[in-house]
There are 2 protein chains.
Amino acid sequence: MDKLIEAIIAKDYNPTVAGLDPKLDYVPEFILKKHLGADDPFAGAAEALFEFNKTLIDCLYDIVPAVKPQSAYYEMYGIEGLKCLKRTMDYAQSKGMYVILDVKRGDIGATAEAYSRAYIGKTDIGGKAVRAFGPDGITVNPYLGTDGLKPFVKDAEENDKTVFVLVKTSNPSSGELQDLVVDGERIYEKTAALVRGLGETSVGAHGYSNIGAVVGATYPEQLKELREKMPNTFFLVPGYGAQGGRAEDVALAFDKNRLGAIVNSSRGIMCAYKKGDWRPEQFGEAARAEAVRMRDDILSHVK
Amino acid sequence: MDKLIEAIIAKDYNPTVAGLDPKLDYVPEFILKKHLGADDPFAGAAEALFEFNKTLIDCLYDIVPAVKPQSAYYEMYGIEGLKCLKRTMDYAQSKGMYVILDVKRGDIGATAEAYSRAYIGKTDIGGKAVRAFGPDGITVNPYLGTDGLKPFVKDAEENDKTVFVLVKTSNPSSGELQDLVVDGERIYEKTAALVRGLGETSVGAHGYSNIGAVVGATYPEQLKELREKMPNTFFLVPGYGAQGGRAEDVALAFDKNRLGAIVNSSRGIMCAYKKGDWRPEQFGEAARAEAVRMRDDILSHVK
């Protein structure tokens with residue numbers, strides 16, 4: 001986690017991760033026109049998305065430490081979409097950004113191992129170890145318990161990568177399972193204890209382990225409670241902005257050194273040009289302005 | 001779910017789904033030799049896996065109703081692996097097999113919608129609706145609650161596809177979250193109630209809804225209990241064979257019409273040639289013999 005934290009510090013403690021969840025609806029018309037209408041609709045869509053992503057990265061990389069592509073928005077464009085995902089991740093890393101791939105994988109032991117190899121480990125092919133996709137960190141789902149999480153923990157330690165386990169998600173119905181009470185403790189607290197345990201052996205120079213937690217900005221009380229209970233766990237916080245989380249809510253995820261969390265904004269940054277007086281061609285500048293506004297908004301509330 | 005059930009009936013009530021989770025370790029040497037050593041190791045691996053899968057499908061399609069590729073084992077070979085996944089699914093469907101893609105996706109509403117479009121719905125590109133991947137059914141993870149499941153339910157209804165929600169998984173630590181007791185009811189029972197509710201509007205001619213459940217063969221008591229509590233829910237049962245589930249265990253998942261469940265075997269079928277007197281070239285025949293043995297084993301215990 002030190003690598004991510006150092007990227008945050010290097011960008012003046014900017015705790016923003018730009019979510020790259022591009023739908024074609026978000027991409028300005030002038031880019032769509034260039035690429036759609038190709039013989040293979042997926043190839044055209046993927047080119048449009050990559051051009052959109054590339055400009056966003058170019059306009060953000062010197063002030064925003066990380067990007068978080070959401071795999072679903074690439075998988076929906078098939079093989080071409082996945083090629084675009086890989087190109088986007090490679091490009092962001094070439095610009096020095098930390099890449100967290102939001103895949104929320106989770107499976108039984110042997111299969112979790114395959115997923116882990118795909119994203120944060122290496123695949124063995126005829127005695128050669130190769131990387132299929134190379135993000136710096138990923139998100140994972142804990143429904144299958146520890147044996148589904150351990151392969152990710154192992155690969156994170158061995159390859160200097162990070163894993164963010166879903167603890168309390170930002171969506172309205174997250175409580176249906178996550179908030180159920182067992183022996184006076186909620187399920188997300190049980191998950192939190194599990195995550196804390198898995199990270200104990202990898203606490204780095206800044207006091208945080210390689211095993212992080214996803215905790216939504218839309219549940220500030222839980223965010224505050226979990227920050228206290230998980231002092232060595234770095235948080236990935238979705239739900240700021242479009243989903244309703246405010247700066248004073250996400251501020252609860254931080255420690256006294258202005259560290260401890262990275263806050264995602266997807267639509268807010270990608271579609272910034274649709275608000276105010278921007279021309280579509282200025283979508284990158286608009287994204288940058290929103291990223292600055294968001295940084296200042298959050299940091300002004302962090303004590 | 002009728003389409004799957006009719007495929008099962010057409011294959012003499014064979015309740016087997018062949019899990020296609022190919023690791024290179026499973027592929028016979030004579031196939032590996034042909035393909036590995038290519039300039040792009042991923043392309044070579046993907047060719048080897050496809051040849052392996054194709055022969056398995058050729059040897060199984062007239063007696064086994066369905067295949068279940070596990071996405072992780074393709075994602076670990078990158079873009080080339082995913083191309084192999086798509087080719088495998090297309091090929092199995094061209095042979096009349098029902099394809100359940102084991103992806104265990106789960107996310108918040110808008111993202112679940114994107115995943116759903118990727119696999120069982122359609123992606124809109126410039127006003128054209130296209131299919132990114134085209135399996136007949138998929139598995140999904142319920143940790144995020146109903147709003148993460150509803151997009152899949154909607155697409156299943158609109159596109160005549162099926163969704164299997166993880167209820168009680170087959171792995172040793174599945175109980176860590178799934179067996180916790182809330183108000184006298186275990187989490188997996190809560191999930192079961194949720195799944196039952198989501199399927200109520202899509203019960204087909206054979207009495208089963210489009211929304212199925214994943215229930216592991218390794219927990220026979222729970223399998224029996226859930227069969228009683230979920231009379232309209234079709235089960236996808238992993239864990240038979242290599243993981244320890246026996247025919248008398250999985251038999252509990254069936255109804256009095258010898259329907260109600262499809263039982264997965266991956267390693268047992270794919271690696272059948274490694275047991276007994278088979279030559280490596282006979283891996284397809286060995287898989288077929290094992291699929292016959294498994295069918296007879298299970299059906300002999302179904303009342």
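The values are calculated or read from the model by the stated rules, or taken from the named source; none is laboratory data. Everything numeric here is computed off the predicted structure, so don't read it as measured data. Cβ coordinates were reconstructed from backbone atoms using ideal geometry, including for glycine residues, and neighbour counts include every protein chain displayed.
General observations
- Each residue in segment A:131-173 was checked for being farther than 21 Å from residue A:190 by Cα, free of Cβ contacts under 8 Å to residues at least 12 places away in the same chain and either small (Gly, Ala, Ser) or buried (at least 24 other Cβ atoms within 10 Å of the Cβ) (or both), and 0 pass.
- Scanning segment A:102-111 for residues that are more than 7 Å from every other protein chain (Cβ to nearest Cβ) and either β-branched (Val, Ile, Thr) or surrounded by 23 or more Cβ atoms within 10 Å (Cβ to Cβ) (or both) yields a total of 3.
- Meets criteria (at pLDDT below 95 and aliphatic (A, V, I, L, M)) for residue B:263: no
- Residue selected from segment A:46-90 under the condition part of a loop (DSSP other than H, G, I, E, B) and within 14 Å of the chain's Cα centre (by Cα), by the criterion nearest to the other protein chains (Cβ to nearest Cβ): A:71
- Selection within segment A:13-36 - in a loop (DSSP other than H, G, I, E, B), over 25 Å from residue A:139 (Cα atoms) and either within 15 Å of the chain's Cα centre (by Cα) or modelled with pLDDT of 95 or more (or both): A:27, A:28
- Taken residue by residue, segment A:270-279 has no member that is touching a Leu at 6+ places or on another chain (Cβ under 6 Å) and either outside any helix (DSSP H, G or I) or among the aromatic types (Phe, Trp, Tyr) (or both).
- Of the residues making up segment B:121-150, just one is closer than 17 Å to residue B:110 by Cβ, more than 9 Å from chain A (Cβ to nearest Cβ) and assigned to a loop (DSSP other than H, G, I, E, B), namely B:122.
- Some residue of segment B:47-56 being closer than 24 Å to residue B:261 by Cα and crowded, with 24+ Cβ neighbours inside 10 Å: yes
- Residue B:281 falls short of the stated requirement of being charged (D, E, K, R) and crowded, with 18+ Cβ neighbours inside 10 Å.
- Here residue A:36 fulfils each of the conditions (1) surrounded by 20 or more Cβ atoms within 10 Å (Cβ to Cβ); (2) of a type outside the set (Gly, Ala, Ser); (3) facing chain B (nearest Cβ under 9 Å) apart from (1).
- Options B:248, B:285, B:290, B:281; residue that is acidic (Asp, Glu), in contact (Cβ under 8 Å) with a residue 24 or more places away in the chain and touching a strand residue (DSSP E or B) at 6+ places or on another chain (Cβ under 8 Å): B:290
- Scanning segment A:278-303 for residues that are more than 30 Å from residue A:34 (Cα to Cα) and of a type in the set (Asp, Glu) yields a count of 2.
- Matching entry among B:229, B:224, B:190 (being within 14 Å of chain A (Cβ to nearest Cβ) and among the charged types (D, E, K, R)): B:190
- Residues that are buried (at least 18 other Cβ atoms within 10 Å of the Cβ) and either touching a Pro at 6+ places or on another chain (Cβ under 6 Å) or in a loop (DSSP other than H, G, I, E, B) (or both), drawn from segment B:188-203: B:191
- Here residue A:112 passes the criteria (1) in contact with a strand residue (DSSP E or B) (Cβ under 6 Å, 6 or more places away or on another chain); (2) under 16 Å from residue B:21 (Cβ atoms) except the one numbered (1).
- Residues (in a helix (DSSP H, G or I), in contact with an Asp or Glu (Cβ under 6 Å, 6 or more places away or on another chain) and touching a residue at least 40 places away in the same chain (Cβ under 8 Å)) located in segment B:106-120: B:109
- Which numbered condition residue A:259 fails, given (1) in contact (Cβ under 8 Å) with a residue 12 or more places away in the chain; (2) assigned to a helix (DSSP H, G or I); (3) not small (Gly, Ala, Ser): (2)
- Residue list for segment A:60-98, filter: closer than 30 Å to residue B:25 by Cβ and in contact (Cβ under 8 Å) with a residue 24 or more places away in the chain: A:71, A:74, A:78, A:79, A:81, A:83, A:85, A:86, A:89, A:90
- Qualifying position, being of a type in the set (A, V, I, L, M, F, W, C), assigned to a helix (DSSP H, G or I) and closer than 27 Å to residue A:172 by Cβ, among A:250, A:292, A:214: A:250
- Of the residues making up segment B:227-244, those that are buried (at least 23 other Cβ atoms within 10 Å of the Cβ) and within 13 Å of residue B:174 (Cβ to Cβ) are B:238, B:239.
- Summed over segment A:151-187, residues that are part of a helix (DSSP H, G or I) and either within 18 Å of residue A:102 (Cα to Cα) or more than 10 Å from every other protein chain (Cβ to nearest Cβ) (or both) total 10.
- Checking the stated criteria, residue B:96 turns out not to satisfy the condition of being more than 23 Å from residue B:43 (Cα to Cα) and either of a type in the set (A, V, I, L, M) or within 8 Å of chain A (Cβ to nearest Cβ) (or both).
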